[in-house]
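Read through the structure below, which is laid out as C-alpha cells, and then see the notes.
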Amino acid sequence: MLGALAGRHGEAEWVAVVPDGGATDLPEGVTAVESRAPARLSNACAALLGRPRLDVIAGGADVVWIPAPAPVAWSSGVPAVLTVHDISWEERPSDFTAYERAWHAVARPRRLAARAARVACVSEATREAILGAGWPVAPGQTVVIPEAPTLAPGPATEGSQPPEPGRYLLFVGALEPRKGIEALAAGLAEARLLGLELPLVVVGDGRLRGRLAPLPGVRLVSGADDAQLTRLYAGATALVAPSMLEGFGLPPVEAAAFGVPSVASDLPALRESLGQAFLAVPPGDSAALGEAMFSISTDLALRNRLGEQARERVGRLSWARSADRLFSLLLELGGEPAR
C-alpha cells in the first residue's frame, strides 16, 4: 500500500517512522525516519506516556496513517487513519501467546480506533466485526479499503519449471492456531486415506511448524521471497486455506490471480473477495477439508472452472485503486499536499 501511495501520489511527502535500524526495503519515494529508542521501549512509552509521537518524530505531519493497530501515539489535533485487518485477538484470544495478548492489551486497539478520525477496514467483514463487537466507532467513521494481489503471473514464471516434481497442493501463511493448522494436519491425513497422492508444500513459519513437519508428503518452505512464492503459486494444483477466521484472506486472492483455485474455510471475508469461486468447507471440519483436497486434486474440470472464476473475480482488486481511495481519505483529513 505504501509503495502504491508513493508511486501514484508523489505530490505528497511520504515519511515512514521505523524502528532503529529498520530503514530497509522501503518503497521509492518514501523517506525513513528512525525512532531513537528500541522498538519495545518506544512502544511501551507511547502506549503508557503518550510519547514519542509519530508526527513529532517525522518532523511534523499533516495526517498520520497507522497501517495496523500498535502501541503508538500522535499529537491531538493531527488527524489519523487506522487500518484494521481483523480482530482475531478478541474473537480467538486463546490462539495467541501470553506475550501477544499482553502486546494487544498495551496497544489498546479500541482506544486507537476511538481517537482516529477514520478507521479503514480491509473488508466489509472486518468492518461488520468491529461494529458488531461494540468498538467505540460510529459506522460513518469507518471505510472499507480492500487489499489486492501483490504477486501475479509474469516474467518470474514464464518458461520456468515448478519447484516440485509434478504438481502439488500449496499452503501459504503463518503456522499459528488461527490459520487452522490442526485442521490442515488432520485433513491431509483424511485426504491420504481417500487416495490423495499430491504433496503439500507449506510456505510459512510459526509455533505449530512441528505439527506438520513429520507428516508424509509435506515440504516446509521458510522465508520464501517474492520470486520463489510466485513460482510456487504458478505451479500449484490448488491452494489450501483452512483458516478459523480471516479479515481479508490474501493467499486465496493471490492464488486466484494465477488462476489457481482454493480449498478454503467458508468465511465472510473470503465470500466477499471470491464469491462462489472456491471450494468452501466449514472451518475446523477436517473430514470435509480432506474430501475437498482430494476432490480438487482429481477433478480437472472443477479446478479449471473455479480457477477461471476466481481469476475473473479478483481482477477488480488492485493496490492502485485501493491506494487512490486511501489517499483521497488522507487528503480529506490532512489538506492539500505541501508540494
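Amide H contacts for Phe171 (H built 1.01 Å from N in the peptide plane; partners 5 or more residues away or on another chain; cut-off under 5 Å): Val201, Val202, Val203, Val240.
Which of the peptides 51-58, 234-241, 276-283 is most tightly packed, and how do the rest follow, going by the mean number of other Cβ atoms within 10 Å of each residue? Spell out each step's value before the answer.
Numbers: 51-58: 17.8, 234-241: 25.1, 276-283: 20.1.
Order by mean packing, descending: 234-241, 276-283, 51-58.
Here the extension length gained between Glu124 and Val144 equals 6.6 nm, from 0.36 nm per residue of separation less the Cα-Cα distance. 3J(HN,Hα) couplings calculated from phi for segment 129-137 with the Karplus curve 6.51 cos²θ - 1.76 cosθ + 1.60 (θ = phi - 60°) are, in sequence order, 5, 6, 6, x, 8, x, 4, x, 9 Hz; Gly and Pro show x. With every protein chain in place and a 1.4 angstrom probe, the accessible-area ranking of Glu11, Glu246, largest first, reads Glu11, Glu246. A dipole drawn for segment 71-151 from +1 and -1 charges on Cβ atoms has a positive end, and of Gly134, His85, Ala73 the residue lying farthest that way is Ala73.
P(r) tail for segment 1-53, what percent of Cα pairs lie past 12 Å? Don't skip to the end; give the middle numbers.
Numbers: 901 of 1378 pairs.
Tail fraction, whole percent: 65.
Take the chain with all the other protein chains still there, run a 1.4 Å probe, and you get 45 Å² of accessible area per residue.
The portion of the accessible surface of segment 56-107 made up by carbon and sulfur, rounded to a whole percent, is 59 (1.4 Å probe; DNA, RNA and ligands excluded).
Against the criterion of solvent-accessible heavy-atom surface with a 1.4 angstrom probe, Glu312, Glu124 sort, most first, into Glu312, Glu124. For Ala68, the residues whose modelled amide H falls within less than 5 Å of its own, excluding neighbours fewer than 5 places apart on the same chain, are Thr83.
Taking 0.36 nm per residue of separation and subtracting the current Cα-Cα distance, fully stretching the chain between Val56 and Leu194 would add 43.6 nm. Here the simple spin-label model places points 7 Å from the Cα toward Cβ, and for Leu41 and Arg325 these points are separated by 4.1 nm. Between the Cα long axis of helix 39-49 and the first principal axis of the chain there is an angle of about 50°, rounded to the nearest 10. Put a plus charge on the Cβ of each Lys and Arg, a minus charge on the Cβ of each Asp and Glu, and nothing anywhere else: the dipole of segment 58-145 about its Cα centre is then about 300 debye. Legend: Rg and Dmax of segment 280-337, from Cα coordinates, 19.8, 56 Å.
Give the peptides 94-101, 61-68, 217-224 in descending order of average Cβ contacts within 10 Å, highest first.
Working: 94-101: 11.5, 61-68: 19.4, 217-224: 14.4.
Packing proxy ranking, top to bottom: 61-68, 217-224, 94-101.
Accessible area of segment 223-339 with a 1.4 Å probe: how many percent of it is carbon plus sulfur? In segment 223-339, the share of accessible area belonging to carbon and sulfur is 50 percent. Residue by residue, segment 51-65 carries 3J(HN,Hα) couplings of 9, x, 9, 4, 5, 6, 4, 6, x, x, 9, 7, 7, 10, 10 Hz when phi is fed to the Karplus relation 6.51 cos²θ - 1.76 cosθ + 1.60 (θ = phi - 60°); x denotes Gly or Pro. Computed from backbone phi, the HN-Hα couplings of segment 91-107 come to 7, 9, x, 5, 6, 9, 6, 4, 5, 5, 5, 5, 4, 5, 5, 5, 5 Hz, rounded to whole numbers (Karplus: 6.51 cos²θ - 1.76 cosθ + 1.60, θ = phi - 60°; Gly and Pro given as x). Assuming charge only on the beta carbon of Lys and Arg (+1) and of Asp and Glu (-1), the dipole of segment 214-276 about its Cα centre is about 200 debye to the nearest 20.
With the largest listed first and rounded to whole Å, the semi-axes of the equivalent ellipsoid of the chain from the Cα gyration tensor are 37, 22, 19. In the chain, the longest principal axis of the Cα atoms and the axis of helix 286-298 are about 70 degrees apart. Only protein heavy atoms count here; on that basis, with a 1.4 Å probe, Arg231 has an accessible area of about 80 Å². With a simple spin-label model that places each label point 7 Å from the Cα along the Cα-to-Cβ direction, the separation between Leu49 and Leu302 comes to 5.9 nm.
What ranking of Glu308, Glu147 comes out by heavy-atom accessible area, probe 1.4 Å, highest first? Don't jump to the answer; show the numbers that get you there.
Details: Glu308 95, Glu147 35 Å².
Result, largest first: Glu308, Glu147.
Taking amide H atoms as placed 1.01 Å from N in the peptide plane, the amide H of Ala80 lies under 5 Å from those of Val64, Ala117, Arg118, each 5 or more residues away in sequence or on another chain. For the pair Glu182 and Ala224, the difference between a 0.36 nm per residue extended length and the Cα-Cα distance amounts to 12.9 nm. Can you bin segment 178-300 into rounded, prolate or oblate? Criterion: square roots of the alpha carbon gyration tensor eigenvalues sorted a ≥ b ≥ c, rounded for a/c under 1.5, prolate for a/b above b/c, oblate for the rest. Cα axes put segment 178-300 in the rounded bin. Compared with the dominant principal axis of the Cα atoms in the chain, helix 181-194 is inclined by about 20°.
The values are calculated or read from the model by the stated rules, or taken from the named source; none is laboratory data. In this text the structure is predicted, and so the values were computed from the model without any measurement. Here Cβ is always computed from backbone atoms with ideal geometry, including for glycine, and neighbour counts include all displayed protein chains. Side chains included, ligands, DNA and RNA excluded: accessible areas come from the protein's heavy atoms. Shrake-Rupley method; radii C 1.70, N 1.55, O 1.52, S 1.80 Å.
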